[in-house]
1. Restricting attention to the stretch A:259-267, does a residue exist that is buried (at least 24 other Cβ atoms within 10 Å of the Cβ), among the aliphatic types (A, V, I, L, M) and in contact with a Gly (Cβ under 7 Å, 6 or more places away or on another chain)?
2. In the list C:Val227, C:Val213, C:Val250, C:Val267, which residue meets the criterion of being closer than 22 Å to A:Thr253 by Cα, among the β-branched types (Val, Ile, Thr) and out of contact with any Phe, Trp or Tyr (no Cβ under 8 Å at 6 or more places or on another chain)?
3. Scan the helices (runs of 4 or more DSSP H) fully inside the stretch C:1-84 and keep the ones with 2 or more residues being under 23 Å from the mean Cα position of the chain (by Cα) and either in contact (Cβ under 8 Å) with a residue 40 or more places away in the chain or within 20 Å of C:Ile246 (Cβ to Cβ) (or both).
4. For the stretch A:232-245, how many residues are more than 7 Å from chain C (Cβ to nearest Cβ) and either of a type in the set (A, V, I, L, M, F, W, C) or surrounded by 24 or more Cβ atoms within 10 Å (Cβ to Cβ) (or both)?
5. Against the conditions (1) more than 10 Å from chain C (Cβ to nearest Cβ); (2) surrounded by fewer than 16 Cβ atoms within 10 Å (Cβ to Cβ); (3) of a type in the set (Val, Ile, Thr), where does B:Val112 fall short? Just the number, please.
6. Please verify whether B:Ile59 is within 16 Å of ligand 2 (Cβ to nearest atom), over 30 Å from C:Leu178 (Cβ atoms), in contact with a Lys or Arg (Cβ under 6 Å, 6 or more places away or on another chain) and within 14 Å of another protein chain (Cβ to nearest Cβ), treating the condition exactly as stated.
7. If you go through the stretch C:245-304, how many residues are part of a helix (DSSP H, G or I), more than 23 Å from C:Ser174 (Cα to Cα) and of a type in the set (A, V, I, L, M)?
8. Could you list, in sequence order, all residues of the stretch B:17-44 that are within 13 Å of ligand 2 (Cβ to nearest atom) and exposed (fewer than 14 other Cβ atoms within 10 Å of the Cβ)?
Amino acid sequence: MKKKSLLVGLLVALSLFVLMGCGEKKDAADNKSGDVEAEDVVKNDAYTDLDRKILSALEPLPDKMEGVKIGVVFPTFSNPFYVAAKQGYEDAAASMGIKVDVVAGATEDDVEGQLNVFKTMLGKDYDAIIIVPITGMNLISGVVEANQKGIPIICSGTTLDKDAAAEAGAKIAAHMTYNFEEQGYVGAKYISKKIKAAGGEKAKVAVIEGLAGAFQGEGRRDGAIKAFKEEGMNIVSVQAGDWDRQKAYNIATNLIQANPDLKGICCANDTMALGVVEALKVAGKKDQVYVTGVDFLDEARQSLKAKELDGSVAMAPYITGKGNLTLALKVLQKHDISKQSYYSPIALITQENVNDYDDWK
Amino acid sequence: MGEKKKQPFLSVKDLKKSFGRVEALRGADLEVYPGETLAIVGDNGAGKTTLIKTLSGVISPDSGEIMIEGRAYQELNPRQALDLGISTVYQDLSLVNCRDIATNIFLGREPVRHKIFVDKRKMAAEAEEFLRQLDIKIPEIGVEAGQLSGGQRQGVAIARAIKFGGKLLIFDEPTAAMGVQESAAVLNLIRKLGQKGYAVILISHNMYEVFQLAKRVSVMRQGKVVATVSTGDVTPHDVVALITGAGEIAADIFS
Amino acid sequence: MKIARSKHFSQILLLLILLIMGVVLSFLSPYFLSWNNFYNILDQTSVDIILAMGMVFVIASGGIDLSIGSVLAYSGIMMAFAMKAGMAIPVAVALGISAGTVIGLCSGFLISCLRLNPLVTTLGFMSVARGLALILTKSSPIFGFPNAFKFLGSGRVGPVNVPILVALAIAVISFILLNKTKWGYYTLALGGNEEALRRAGVATHRYRASLYVFCALMAAIAGMITVARLNSADPLAGWMVETDAIAAVVLGGTSLSGGRGSILGAVLACLVLGMLDNGLILMAIPAYYQKLFCGLIIIIALVATELRNRKEHRNFV
Ligand SMILES: Nc1ncnc2c1ncn2[C@@H]1O[C@H](COP(=O)(O)OP(=O)(O)OP(=O)(O)O)[C@@H](O)[C@H]1O
Ligand SMILES: [Mg+2]
């Protein structure tokens, strides 16, 4: 029983969804929620496996194209996630024999700054530009400009707001998106399974989202709520932790005060989850409450190994770079990709399997 | 003229100061003798305030020399000036409005206990006593300076200037904001200070005050001291003529 | 009526808000009224109180310091590096705290000696310190510290933990500094009328600079507690804490235009904001409402104070 629940987590984990036909996000979410039963679980080298998966999802692969110049616009480098992602692009580019420049705005909420950076990139004759917009809106005018200049744009992570993009006439050549809801779903599902494995039913659980109103955080929150409801858990509180460790620490302290029998807290990122873990340790409740986060930060890895944090959902920023560059080449070589949606892979890392993910980037 | 043989307490030579394009002082000279009361008169903008601010160290002159008790200085800072015995009652910005009267009087010279704690009680008691001695009326010692009337504020500023003594007291239009009675009280105070042996510089637009209190009058016009006369030798009318520059001849006669 | 005329209007108002909130929350949530929960509130407010203490001085002098959040993160990171490099804990702590304080020294020097605008200058150092923190850590947190260090964040001395004790001690010291020492007197005089203070022979620039040093010192101590409590030095720690500190200080009756400062008020305001956060979470009220309530309380308190001040002015002018 216990082992199975563990597996399900893992599986979901390794999903890279290529949906043929009308690749609607909804389908993707439904698809993964229950029935993904992959027995080909990564045993030792999770990283190589995802690498293989993302490439197979992108088949037919493009020809080698030496000397192509590709620009990448990130939200910020003040987040380890994007630092790893940058490395992923650069390593992949080196192995593919193409040139890549990765730039970013100042902070994760400097929407205008990112647009300025993007527009500057448009003036530097890239063959294609990969954007990771901060919001669904902020880069639209830049995309329109790129369309006029004939530079294909590949959008990764956040998708452009459909209506706003249509109104402005902004066209994206290809999408590679994250499914944030899935990330929350996986964590909450894991918490529920753990609780049930320990004999708990309808246990009290809580969700900590990020900055109220932030896209990823709300996606993860909704996914977590969905999973908890499916599992018949009793959600006693949904709070905004502002992505902040100290805030999450305080929230956890207060939650445990109000609900001494709380069994699980699903957090929208690891920073907050780690704050929660510290608070639970101080309150002496760590063994009672299961905690998951998202991002698989280095610190989360250590915490998992120390048997404190219970789970972390990892995106694969490093691999995503290779996927996106391959996608860009497909676009440049005029592959027909209009009928496909590509999703970045994720993995659920737990105390049990954390040692398999030592070289995860 | 025995006085003149004495060394001046303070003398100023060819002091110049510009604020951007405004030349506030264009080579002012001044001498103040120990124990004397000197008046400085002049039209608005003549440079009186600027001159005394260089003496109290609030403004540094561009050039010129300030000689105090035989020692020459290029410029002074407020601390130095205070230490040399120059205390000043300014025309503007004299008090900290949000602090109480005692705190204002002791500003910069607070008494402390155990080397750390400001002795509030001592300050209040001494300030109250001192104001009573000077016959300066205030509602209550704990009141904030900002809640006092213009005349009361001036009274507190004066009390502060003379609380810690010194050798030269400078008053920049001390009665400007005051009613008849308060003016009289302040003038009386200044006279008493003169009698006690303080040197006093009094800036005033009021010829009556000037002739009542001062032995000598320095007249400023456009950044220079154009004449210094004895009140015994001239009439208020003559001084007014010097201020406006109506009688350059008069200056020749009296200087 | 008597209250309206009191010098301590803001503080009394805050105390009332605190009491009313306490009573209301006790009825609304069964978990609120317990020693444990009050202890939580104190614990959660301790870092805010420490930060607010530094901010009281700076704001009372007519200045502002926007860099405290970044200084908090930067000090914490320097401390973490020092410990990772194997330095003894006291040495590492001293190093981290001095590193943060140096930033205060720089902004203090520029603001007082070159007369730069404090808002813009500290905004600059806010970026500098945050940038340094991110560069030095390559934007990943440093974590895992010795237990003796973690003691500073969650260790208990008798019935209370170290952060609460530190906050209490700093509040008491700040109260004495502001109200009983020359330094405090000159802080208020700087905010009230800097020129008058200068003419009184006080080296005003030195005092002004020292305020920013003090404020940075508080931020650095807050950084130490944050790192110790969370067992992690995060380059993004203390994000936007300056807004909380400024709100608490102003709410507590310290005048943004300088000349007036209240330590007690700032502490009470921190407690009000902390209790509000705590109560709303206990009642499982969603995040959006929390922001709303928090904003409303700030506005209500400010309006009440402002109306009262106007009335007073009419009486005197
Ligand atoms: N801080 C300053 N900045 C610029 N200009 C100044 C400053 N202080 C004085 N001035 C200018 O210097 C000139 C002399 O000013 P000052 O205050 O010395 O005149 P005053 O003789 O005291 O006049 P009043 O009788 O009106 O007090 C004026 O033209 C004034 O505008
Ligand atoms: Mg004048």
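The values are calculated or read from the model by the stated rules, or taken from the named source; none is laboratory data. Small disclaimer: the values here were computed from a predicted structure and weren't measured. Counting neighbours? That spans all protein chains shown, and the Cβs are built from the backbone with ideal geometry, glycine included.
1. No, because not a single residue in the stretch A:259-267 is buried (at least 24 other Cβ atoms within 10 Å of the Cβ), among the aliphatic types (A, V, I, L, M) and in contact with a Gly (Cβ under 7 Å, 6 or more places away or on another chain).
2. Details: C:Val227 fails: out of contact with any Phe, Trp or Tyr (no Cβ under 8 Å at 6 or more places or on another chain); C:Val213 fails: closer than 22 Å to A:Thr253 by Cα; C:Val250 fails: closer than 22 Å to A:Thr253 by Cα.
Criteria check complete, one pass: C:Val267.
3. On the way: elements: C:2-5, C:9-28, C:35-60, C:68-84.
Hits in the stretch C:1-84: C:9-28, C:35-60, C:68-84.
4. Going residue by residue through the stretch A:232-245, those that are more than 7 Å from chain C (Cβ to nearest Cβ) are A:232-235, A:241-243.
Then drop every residue that is not either of a type in the set (A, V, I, L, M, F, W, C) or surrounded by 24 or more Cβ atoms within 10 Å (Cβ to Cβ) (or both), which leaves A:233, A:235, A:241, A:243.
Residues in the stretch A:232-245 being more than 7 Å from chain C (Cβ to nearest Cβ) and either of a type in the set (A, V, I, L, M, F, W, C) or surrounded by 24 or more Cβ atoms within 10 Å (Cβ to Cβ) (or both): 4 in total.
5. (1)
6. yes
7. The first filter runs over the stretch C:245-304 and keeps only residues part of a helix (DSSP H, G or I), leaving C:245-251, C:263-282, C:287-304.
Subsequent filtering for residues that are more than 23 Å from C:Ser174 (Cα to Cα) retains C:276-282, C:287-304.
Applying the additional criterion that residues be of a type in the set (A, V, I, L, M) yields C:276, C:280-282, C:287, C:292, C:296-304.
Qualifying residue count for the region: 15.
8. Going residue by residue through the stretch B:17-44, those that are within 13 Å of ligand 2 (Cβ to nearest atom) are B:24-25, B:40-44.
Matches in the stretch B:17-44: B:Asn44 only.
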